Number of protein chains: 4
Amino acid sequence: MTLSYLRDLVIANRILANEGVVDAFGHISIRSPDNPARYFISRSRSPELVTADDLIEFTLDGEAIDLQGRTPYSERMIHGAVYETRSEVNAVIHNHAYEVIPFGVTGVPLKPIMHTCGPIGSHIPTWDIREKFGEGDHLVVTMDQGRDLARCLGDRSVALMKRHGCVVAGKDIREAVMTAVYLQVNAKLLLQSLQLGKPDYLTPLEAERCTARQTSPVSLDRAWEYWCMRAGADKI
Amino acid sequence: MTLSYLRDLVIANRILANEGVVDAFGHISIRSPDNPARYFISRSRSPELVTADDLIEFTLDGEAIDLQGRTPYSERMIHGAVYETRSEVNAVIHNHAYEVIPFGVTGVPLKPIMHTCGPIGSHIPTWDIREKFGEGDHLVVTMDQGRDLARCLGDRSVALMKRHGCVVAGKDIREAVMTAVYLQVNAKLLLQSLQLGKPDYLTPLEAERCTARQTSPVSLDRAWEYWCMRAGADKI
Amino acid sequence: MTLSYLRDLVIANRILANEGVVDAFGHISIRSPDNPARYFISRSRSPELVTADDLIEFTLDGEAIDLQGRTPYSERMIHGAVYETRSEVNAVIHNHAYEVIPFGVTGVPLKPIMHTCGPIGSHIPTWDIREKFGEGDHLVVTMDQGRDLARCLGDRSVALMKRHGCVVAGKDIREAVMTAVYLQVNAKLLLQSLQLGKPDYLTPLEAERCTARQTSPVSLDRAWEYWCMRAGADKI
Amino acid sequence: MTLSYLRDLVIANRILANEGVVDAFGHISIRSPDNPARYFISRSRSPELVTADDLIEFTLDGEAIDLQGRTPYSERMIHGAVYETRSEVNAVIHNHAYEVIPFGVTGVPLKPIMHTCGPIGSHIPTWDIREKFGEGDHLVVTMDQGRDLARCLGDRSVALMKRHGCVVAGKDIREAVMTAVYLQVNAKLLLQSLQLGKPDYLTPLEAERCTARQTSPVSLDRAWEYWCMRAGADKI
């Protein structure tokens, strides 16, 4: 029988696919509840197809505990590098949500304009792999690259990755999914708002208070139940 | 057996979810047909999942008649505050429809540009909780806050809530759903129109006459049958 | 057993709903193959729900041959007025396709920018009921109003109706559906193109030649088979 | 039993329909693995409905080997003309993906802004049939027209066709599908980015390196499995 936290990881994969946060690419991991120096993530597979059998345990520097011939995600280093410096983070998502791309490539700040989007934080930094690692394929495949990205992320919940996507960190899997879903919502609505005029954003204090509310158990429970139903989690 | 007006409330929840007016958050209530000083609304749950067992009766100031251990919506005060001052209103919707957000945060007036959108009214005010209650989490959790919002709404059918969403009031549940659905449509189309040029809106007189037509029984019946079919109401 | 042209009318209703040309409102009619002075159209019902039992025969001035207690569409006069002046037209669609609204309300010309959209024609006029009939509910409910709209349409396939929608005329039902579907596509793509720069439209001669190709039997057959499959026509 | 490469061609048709790359129109072909001077493509049918029985083998100049009374696509010449000059190309897609149209008609360069979109290439030329062949119906129905388009395409993977769509060439069927899907994604995101500001594109070197990564077996396998699942390929 699948452990409940691994089942939640499978469900989170399906939710991210179903809510359009990921397409064929992108991934989510959780820190091992039994060993903070390890994390679980799927083998190289699209989130919508991930099952419990695809999950692999890794050390923080990306070494598989028992690969069983499966191909790992080449960008798993993103996850380990974040866990390494953020002891309070227990779930990490890397995605290419279409809505965030325009902000990364133009440098227009992505700031929260709606209370449910508070968890994305008042200041989202943008990381450009080109700056330190030159013109390459944009993938984060070494711990060195992952650590550079983690430094840019700092103590925040979101960092954009220019011409690539973003990384989202949460204290647990539900919070990370909440942040990833509403990052996408905020990006879409901010793009539209900027076409109308000058948006009146959440202040940093408001963003903080909206985050507290939006990541409270009652809000997370409500949203999780909803996302699970939509993603067909009862059949997983 | 579920009373028919409670079944309609369940169906309205599903319709609002299916038509994209609400996501995990947002809610709809009806005034009790038996006691105008009370209203029915779901426990804290996403509208797409609401069943008859989730419905709770409240006094207008938000006290549950029989909570049975269920968690109420923290923002139910919006509903009571509107019923309190609007005796002709029998259904209230609070939602965060994505399309309306850009108007609230930029201050661009949201006015009807299409006959089916007449019910949203020619003047939609915008309420900013920050003005009177300061920088908080934007939720309307006290009767004081609810009444301030209801004052802004006045005798209208819609008020925007800045960085949050909107409130919609209808004389019955079908009219409230009609208004909420076409508020979203109008917001989307007005955003597009403003990218093309200067829209020629419905005049206030036209909006009034379009409202009369759009909320006539023949129009409401046609739309309700359509929304019910789409939301799978026959299986509720 | 349903006559094949009436079955096609039911299918066309479902297609228009499924392709997003109509929502709860809008309608399609065909001229009677047996009597050019009559047409068939559904009773007042959303196109997605229309069945053969909903179809009613009308004289061109909107009198039902056998109403059987059913409620007719209040705007059926649009259809009769077009058939009256256009002997070559055998199918008429009235819809509120969202994509066309921004063009009507801003006066920006809606012209074809893509070969499949040729059938919409190089010049689409816009009719404003307000001009002759004053500030009302925008519905076309008299033959007088219908004829005024038909005059604006002239010998074209499409006319926009300001703050309301459009009317589409075709020599047969498949051509009318083709035109309505690609009117929506062209409107969406032209709105986007105008955000990028100055579009290089189809010339009038190209629009004419694209129309000939797009409304040839081989194109209509291919598209009709596709739309039928998507709308589940095999279950009708 | 269907040969596996023909089954893949059927699946690719369904994927392109399911991912919104094609609607009723557009087509995909593969070069015959047994005879480089021939290619396979469906009879005139919408990609979403194509089955193995619809596939026809053609010589590069568009002559059917065994038509069996089926109607061929009038634009099959696009495919043969590309195969003729590009010996390394084994799959060709012609589509009217809505997202690419605004770039063709305005002349705004469509360049990659995201690593997964590298395969579209750093320079996408635009072909205008009007220039050499005058004002017609925009269809490519002669080898002369096909060859003119192929010259414009040159050694690239994508060329836009003004007021019409695009052509995509790949070294195999999965690569061609990958390029067509992400061409659409890039067009959508670039349109949005240009509304925000000045995008910082992939450099030519980055596009090349992203292409190598994105068209590597591990990436193509992951995406193909995902698209197959979404398109219901297991039922084909």
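The values are calculated or read from the model by the stated rules, or taken from the named source; none is laboratory data. Everything quoted here is computed from the prediction, not taken from an experiment. Ideal geometry is used to build each Cβ from the backbone, glycine not excepted, and the neighbour counts take in all protein chains shown. The protein model used for the area step is the full one, side chains on, heavy atoms only, and it has no ligands, DNA or RNA in it. Shrake-Rupley method; radii C 1.70, N 1.55, O 1.52, S 1.80 Å.
The rotation axis bringing chain D onto chain A passes closest to the chain D residue reported with its distance as D:GLN195, 4, by C-beta distance in whole Å. In region D:107-236, the convex hull through the Cα atoms has an average projected area of 9.6 nm², a quarter of its surface area.
Excluding the site residues themselves, the longest part of chain B lacking any GluC sites (Glu not before Pro) in a DSSP loop with at most 14 other Cβ atoms within 10 Å is B:89-236. Dipole orientation for region B:95-137: of the candidates B:GLY121, B:GLY134, B:VAL100, B:GLY121 has the Cα lying most toward the positive pole (charges on Cβ; Lys, Arg +1; Asp, Glu -1). Calculated over region C:186-236, the projected area of the Cα convex hull averaged across directions stands at 5.0 nm².
What you get for region C:117-236, charging only the Cβ of Lys and Arg (+1) and of Asp and Glu (-1), is a dipole of about 180 debye around the Cα centre. Sorted largest first, the principal axis extents computed over the alpha-carbon atoms of region A:167-209 equal 36, 22, 13 Å.
Alpha-carbon geometry of region C:1-104: the Rg and the Dmax are 13.1, 43 Å, given in that order.
Placing a label point 7 Å from the Cα of B:THR203 along the Cα-to-Cβ direction, the distances to the matching points in the other copies come to 4.4, 4.4, 6.2 nm, shortest first. Relative to the 2.2 N^0.38 Å rule of thumb, region C:20-62 has a C-alpha radius of gyration ratio of 1.19.
Using the 1.4 Å probe convention, the accessible area of region A:65-175 works out to 33 Å² per residue with neighbouring protein chains retained. Among the trypsin sites (Lys or Arg not before Pro) found in region C:1-108, not one is both in a DSSP coil and sparsely packed, with 14 or fewer other Cβ atoms within 10 Å of its Cβ.
Peptide B:116-122 has a mean shielding of 2, counted as Cβ atoms of other protein chains within 10 Å of each residue's Cβ.
Legend: mean number of C-beta atoms from other chains within 10 angstrom of residue C-beta atoms, peptide B:220-231, equals 4. For chain D, the Kirkwood radius over C-alpha pairs fed into Stokes-Einstein at 20 °C and 1.002 mPa s yields D = 121 µm² per second.
Each Lys and Arg contributes +1 and each Asp and Glu -1, all at the Cβ; summed about the Cα centre of chain C, the dipole is approximately 440 debye. Where the alpha-carbon atoms of region A:117-170 are placed on the principal axes, they occupy 34, 20, 14 Å, in descending order. Restricted to Cα atoms, region B:46-155 shows a radius of gyration and a Dmax of 15.5, 46 angstrom. Our estimate of slack between C:GLU84 and C:THR71, defined as 0.36 nm per intervening residue step minus the Cα-Cα distance, is 2.4 nm.
Judged by the mean number of other Cβ atoms found within 10 Å, the most tightly packed of the peptides D:113-125, B:154-166 leads the ranking D:113-125, B:154-166.
For chain B, return all DSSP H helices satisfying: extent of Cα atoms along own axis at least 27 Å; mean Kyte-Doolittle hydropathy at least -1.0. Qualifying helices, which must be both long enough and hydrophobic enough, are B:173-196. Viscosity 1.002 mPa s, temperature 20 °C: Stokes-Einstein D of the protein assembly as shown from its Kirkwood Cα radius, in µm² per second? The Stokes-Einstein estimate is 73 µm²/s. Straight-line reach from D:LYS111: taking Cα to Cα under 28 Å and skipping same-chain neighbours fewer than 8 places apart, the lysines in range are A:LYS111, A:LYS132, A:LYS162, A:LYS188, C:LYS111, C:LYS188, C:LYS198, D:LYS132, D:LYS162, D:LYS171, D:LYS188, D:LYS198. Starting from the label point of C:GLY69 at 7 Å along Cα→Cβ, the same points in the other copies fall at 5.0, 5.0, 7.0 nm, in ascending order.
Placing +1 on the Cβ of every Lys and Arg and -1 on the Cβ of every Asp and Glu, with no other charges, gives the protein assembly as shown a dipole of roughly 920 debye about its Cα centre. Across chain B, the mean sequence separation of Cα contacts (distance under 8 Å, 6 or more residues apart), normalised by length, yields a relative contact order of 23 percent.
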